[in-house]
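Following: one structure in structure tokens, then a few remarks.
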Amino acid sequence: MRSWACWRTAKISPVRRCAIVATDLNGHRGVLTPAEGARQAVRMTTIPSDGPTATFTDVNGPVAW
């Protein structure tokens, strides 16, 4: 049986993308490269256990809500 114990320590922090990412799907009409578009999402998935949670963020940091 699979353990769901990891959800007790999961952090929820939405990431906002401020621009369209250039991909095959949109004919490369975006202004960000895929690497630039993924930067903040990757940053937030690798935060330490004492990192921010329940925040909205973009590449500049926390966004007021």
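Scanning segment 13-51 for residues that are basic (Lys, Arg) and more than 13 Å from the chain's Cα centre (by Cα) yields a single hit, 29.
Residue count for segment 18-56, restricted to those that are in a strand (DSSP E or B) and touching a Pro at 6+ places or on another chain (Cβ under 7 Å): 2.
Values quoted throughout were computed directly from the atomic coordinates according to the rules given, and no laboratory measurement underlies them. No experiment lies behind these values; they were computed from the predicted model shown. Glycine gets a Cβ as well: all are built from the backbone with ideal geometry, and neighbour counts include every protein chain shown.
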